[in-house]
Amino acid sequence: MTKTQDITLISGTNRQNSNTRLFTETLYRLLKPHTENSLRILDLGELEGVDIQNSMFDPAEQHSIIQNLQNKYILPASKFIFIIPEYNGSYPGILKYFIDACSVRDYSANFQNKSAFLIGVSTGRAGNLRGLDHLTSVLNYLQTHVHPVRLPVSKVTSIFDAEKLKFVDEELLGLLHEHLLPFVNEIIPSRATQLS
């Protein structure tokens, strides 16, 4: 019997009622019937109340909200699906802040030897291509295996049905089925197996 894996979908902005959160929820509903793996959504809006402080890099001073999110969504996950909006030609600073804030505790257990699939979203035409490049560099530094296919989604407001419950963009649906479903269901060896 194959052990199920924990997969965290990260809605990469703390903006409330964002297109990114809507995309993440819709993606969750699309993927859920097609996998036995455990899917969870981490909404960076949950960082409400966390102030940026100099002490953030002291493990003894890690904010309890960061600690709880790290314990629930980051440490147990074997895979991540990042959905990142375009902010000023890159990805939101809150996502970098969260990655950095997690890094002070259990550094290698957070992202090292885990896998990530990156999706960029924008209201414009480029689908946050530059942001995908920037986040890929950070994840490579953390020794995360970034899937070679990164998915830029342009004009994100036009891809949902009237109720905003499902995707209606047939090209996008085809790409998600072709690239993301195999990623979600691929068996990732445990870290001990990878090292042996």
Meets criteria (more than 13 Å from Phe23 (Cβ to Cβ), touching a Gly at 6+ places or on another chain (Cβ under 9 Å) and at pLDDT below 95) for Gly124: no
Residues (open to solvent by 20 Å² or more (accessible area, probe 1.4 Å), assigned to a helix (DSSP H, G or I) and either aromatic (Phe, Trp, Tyr) or in contact (Cβ under 8 Å) with a residue 60 or more places away in the chain (or both)) located in region 63-105: Ile94, Tyr97
Of all residues in region 135-189 being open to solvent by 50 Å² or more (accessible area, probe 1.4 Å) and hydrophobic (A, V, I, L, M, F, W, C), the one that is farthest from Arg29 (Cα to Cα): Ile187
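The values are calculated or read from the model by the stated rules, or taken from the named source; none is laboratory data. From a predicted model like this one, the values you see are computed outputs, not experimental measurements. When we count neighbours, we look across all protein chains shown, and the Cβ atoms used for this are built from the backbone with ideal geometry, even at glycine. With ligands, DNA and RNA removed, areas are computed over all heavy atoms of the protein, side chains included. Shrake-Rupley method; radii C 1.70, N 1.55, O 1.52, S 1.80 Å.
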